[in-house]
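J.: This structure is in structure tokens; I'll ask about it shortly.
The values are calculated or read from the model by the stated rules, or taken from the named source; none is laboratory data. Quick caveat: nothing in here was measured; it's all calculated off a predicted structure. As a convention, Cβ positions derive from the backbone with ideal geometry for all residues, glycine included, and neighbour counts pool all protein chains shown. Accessible surface is based on the protein model in full, side chains and every heavy atom, while ligands, DNA and RNA are left aside. Shrake-Rupley method; radii C 1.70, N 1.55, O 1.52, S 1.80 Å.
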Amino acid sequence: MRIILVLLFNFCCLFSNAQVGSGTPWMKGLKHSEANPLTFKEIVDAGNAYWKTRDTDAKGSGYKPFKRWESFWQNYVNVDGFLPTSQELWDVWEAKNSQKSQRRSTAALSDQSDWESMGPTDFLNRTTNSANLGRVNTIIVDPDNSDVIYVGSPAGGIWKSTDAGISWQQTGLNPSNTPFRTSEIYINPTNSNMLWVATSDGVFKSIDGGNNWENKQSDNFRDLKVKPNNSNIIYATTNDEFHKSTDAGETFTHITEGLPTTSERLFIDITPANGNLVYMVASNGDNTYQGIYKSSDSGTAFTKMENTVNIFEADQSWYDLAIAVSNTNENGIYVGCLNVWKSNDGGDSFLRLNQWNTRTDSYTHADIHFIRAFNGSVFVGSDGGIFESTDAGSTFTDLSPGLGISQFYRISVSKQDSNKMAGGLQDNGGFGRDQQWSNYHGGDGMEGVVDPNNDN
């Protein structure tokens, strides 16, 4: 249950994606929530106003995600100008499943649509450019079986490398009352009925396996971790504050000693190699690198580490940022924004492990959303899929083949042969299919066209 719940809460963010998050640069200062949403026009106007004086072509500016969002959701605006709520999306999803069940139980109304996935789940030319399959936002490895890996994608659902996840049940924190965004969730390793989740409305706690929840600390929380071997100590961060609980999440204290007073995004990690350590990566208000901070006393006070190298490489920490600590080496830290960087001295210095546009043995796709260490391995979730290193980051293996998580903007199909098609993917280039998929360029693809008179 623990593994699946972790992914389910990350996956449930899908149902709130109609509203743009307050962490995006163009939404700063605009007050909105599920109960008081902005109109589609208000959001678009805010974005257009933001980019009037900014370079839309700058790496990490956020312009492309904004235009992707606008292009998709403009088709779902209601007569009053609003986008669908998470509850409305959930209701449609449940209605669809109900209809599917009815069709299955009534032979005369059996599903005749005969849909099947066309992929790509792998493709030719994988070694020629920076294209991969699709975005992975979260990864969890079964602590009892390292062969079992769960992957959460914003556009392709939840995937598992072997069995389980066959059926699902809502918890008490569901689309009827879920905050705008949910992120990290943890289950007490000594009491599986006790759970904590970080959300945009606060840190919520359940003591009955998720049936009922209480908001224990209100604020827009981004990250949450539980101290190894002491589940009474909980760490949680907002975009600019670090909070600590010593009573299993009943109350929290705002910790300031050694930490910056202004930040745009904070992420933390802990390690069983030294349960007293807490590492933090912080970004400035303009989404640039601010620093690595370390606590040796379970989050009571922090020290800024010496590194000043720009390990973000792009001003896009509003979109992607991740930190992980080795579970066997307390000084081994991995940070990702554009590429993956590693420190072997607790954050005083870093070495870049890869370059997103160069296919080396250590390659991972650009734009890092997730890093975590499991059982001696390091897993990376990026805009291109899931990657694993078993040698502390010296090499990475692409585990993405088989995942149907690509995000197509447009497709074009041959007039003569419906098996031939072309299209463009978010951050993974242009694709064409003739019996099997081929990729022709990296970066963002958008639209591909098959000549109506010559499908070659």
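J.: So, by mean Cβ neighbours within 10 angstrom, what's the order for 289-301, 376-388 with the highest one leading?
T.: Details: 289-301: 19.4, 376-388: 24.5.
Ranked from most to least packed, the peptides come out as 376-388, 289-301.
J.: If I take R0 = 30 Å and measure r between the Cβ atoms of LYS31 and ASN75 in this structure, what FRET efficiency does the formula 1/(1 + (r/R0)^6) give, to the nearest 0.05? Don't jump to the answer; show the numbers that get you there.
T.: Numbers: r = 26 Å, r/R0 = 0.86.
Once rounded, the FRET efficiency stands at 0.70.
J.: Among SER412, TRP437, ILE140, which residue has its Cα furthest toward the positive end of the charge dipole of the chain, with +1 on Lys/Arg Cβ and -1 on Asp/Glu Cβ?
T.: SER412
J.: May I ask you to derive the relative contact order of the chain, considering only C-alpha pairs under 8 Å and at least 6 residues apart, and to give it as an integer percent?
T.: This gives 13 percent for the chain.
J.: For a bin width of 20 Å, list the pair-distance distribution of the chain built from all Cα-Cα distances, rounded to whole %.
T.: 23, 59, 17, 1
J.: Taking only DSSP H segments of four or more residues, each worth -39500 (n - 2.57), what value at 222 nm results for the chain once the sum is divided by all its residues, to the nearest 500 deg cm²/dmol?
T.: Working: 4 runs with 52 residues, N = 456.
Rounded to the nearest 500, it is -3500 deg cm²/dmol.
J.: Another question about this same structure. Enumerate the calculated ³J(HN,Hα) couplings along the stretch 218-233 in order (Karplus 6.51 cos²θ - 1.76 cosθ + 1.60, θ = phi - 60°), each rounded to whole Hz, writing x wherever the residue is Gly or Pro.
T.: 7, 2, 8, 8, 9, 9, 8, 9, 10, 4, x, 6, 8, 7, 7, 9
J.: Enumerate the calculated ³J(HN,Hα) couplings along the stretch 77-87 in order (Karplus 6.51 cos²θ - 1.76 cosθ + 1.60, θ = phi - 60°), each rounded to whole Hz, writing x wherever the residue is Gly or Pro.
T.: Once θ is set to phi - 60°, the couplings for the stretch 77-87 become 7, 7, 5, 8, x, 9, 8, x, 7, 4, 5 Hz.
J.: Follow-up question, since we're still on this one. Name the residue farthest towards the positive end of the dipole of the chain from the options TRP356, SER61, ILE187, assuming +1 on Cβ of Lys and Arg, -1 on Cβ of Asp and Glu, about the Cα centre.
T.: SER61
J.: About the Cα centre, and with charges only on the beta carbon of Lys, Arg (+1) and Asp, Glu (-1), how big is the dipole of the stretch 286-418? Nearest 20 debye, please. Intermediate values should be presented prior to the final figure.
T.: On the way: 8 positive and 16 negative charges, 58 e Å.
Using only the charged Cβ atoms, the result is roughly 280 debye.
J.: Still on this structure, I have one more. For an R0 of 41 angstrom, estimate the FRET efficiency from the Cβ-Cβ distance between ASN215 and GLN416 and round to the nearest 0.05.
T.: Details: r = 59 Å, r/R0 = 1.43.
Step by step, r from the Cβ atoms, then E = 0.10.
J.: Rounding to the nearest 20 debye, state how big the charge dipole of the chain is about its Cα centre with +1 on each Lys and Arg Cβ and -1 on each Asp and Glu Cβ.
T.: Values: 35 positive and 53 negative charges, 79 e Å.
It works out to roughly 380 debye.
J.: Extension gain ASP122-SER394, at 0.36 nm per residue separation less the Cα-Cα distance, in nm?
T.: Working: separation 272, 0.36 × 272 = 97.92 nm, distance 2.42 nm.
Using 0.36 nm per residue and subtracting the Cα-Cα distance, I get 95.5 nm.
J.: Please compute the length gained on full extension between ASP114 and TYR409, using 0.36 nm multiplied by the number of residues separating them and subtracting their Cα-Cα distance. Mind dumping the intermediate values first?
T.: Details: separation 295, 0.36 × 295 = 106.20 nm, distance 2.28 nm.
Extra length available between ASP114 and TYR409 comes to 103.9 nm.
J.: Label points 7 Å out from Cα along the Cβ direction at GLU250 and ARG54: separation in nm?
T.: 4.4 nm
J.: Using a 1.4 Å probe on the protein chains only, how many percent of the accessible area of the stretch 320-372 belongs to carbon and sulfur? Each step should come with its number before you reach the end.
T.: Values: 710 of 1670 Å².
Within the stretch 320-372, the accessible surface is 42 percent carbon and sulfur.
J.: Right, here's the next one. Check which residues have an amide H placed less than 5 Å from PHE374's amide H, if you skip close sequence neighbours.
T.: PHE379
J.: Related question: Want the number for ASN357 to GLN99: 0.36 nm per residue separation, take away the alpha-carbon distance, what's left?
T.: Numbers: separation 258, 0.36 × 258 = 92.88 nm, distance 4.55 nm.
The span from ASN357 to GLN99 would gain 88.3 nm if fully extended.
J.: Hey, can you rank 51-62, 413-424 by average C-beta count inside 10 Å, highest first?
T.: Working: 51-62: 13.5, 413-424: 16.3.
Result, highest mean Cβ count within 10 Å first: 413-424, 51-62.
J.: Which shape class, rounded, prolate or oblate, goes with the stretch 196-257 when its Cα gyration tensor gives a ≥ b ≥ c as root eigenvalues, a/c under 1.5 marks rounded, and past that a/b bigger than b/c marks prolate? Intermediate values should be presented prior to the final figure.
T.: Values: a/c = 1.93, a/b = 1.21, b/c = 1.59.
Taking the square roots of the gyration eigenvalues as a ≥ b ≥ c, the stretch 196-257 is oblate.
J.: Okay, moving on. Which net charge results when you count Lys and Arg as +1 and Asp and Glu as -1 among the other residues whose beta-carbon is under 11 Å from that of ARG265?
T.: On the way: positive: ARG222; negative: ASP223, ASP240, GLU264, ASP320.
Net charge around ARG265: -3.
J.: I'd like to compare 397-405, 330-338, 426-434: which one has the highest average count of other Cβ atoms within 10 Å, and what's the full order after that? The partial results should precede the final answer.
T.: Values: 397-405: 17.9, 330-338: 24.2, 426-434: 21.3.
Per-residue Cβ counts within 10 Å, averaged per peptide and sorted highest first, yield 330-338, 426-434, 397-405.
J.: Sequence-distant or interchain residues sharing an amide H contact under 5 Å with TRP437, placed H: which?
T.: Under 5 Å from the amide H of TRP437 lie the amide H atoms of LEU124, each far enough along the sequence or on another chain.
J.: Moving on to the next point. Treating cross-link reach as a plain straight distance, find the lysines whose alpha-carbon is under 16 Å from the alpha-carbon of LYS216, omitting any fewer than eight places away in the same chain.
T.: LYS205, LYS225, LYS244
J.: Along Cα→Cβ, 7 Å out, is where each label goes; now give me the distance between the ones at SER146 and GLU42 in nm to one decimal.
T.: Each label point lies 7 Å from its Cα, and together they span 5.1 nm.
J.: I'd like to know which of LEU259, PRO154, VAL325 lies farthest towards the positive end of the charge dipole of the chain, counting +1 on Cβ of Lys and Arg and -1 on Cβ of Asp and Glu.
T.: Value computed over the given set: PRO154.
J.: Taking H as built 1.01 Å from N, whose amide H comes closer than 5 Å to the amide H of ILE233, not counting residues under 5 places away?
T.: Close amide H contacts, sequence-distant or interchain: LYS227, ALA248.
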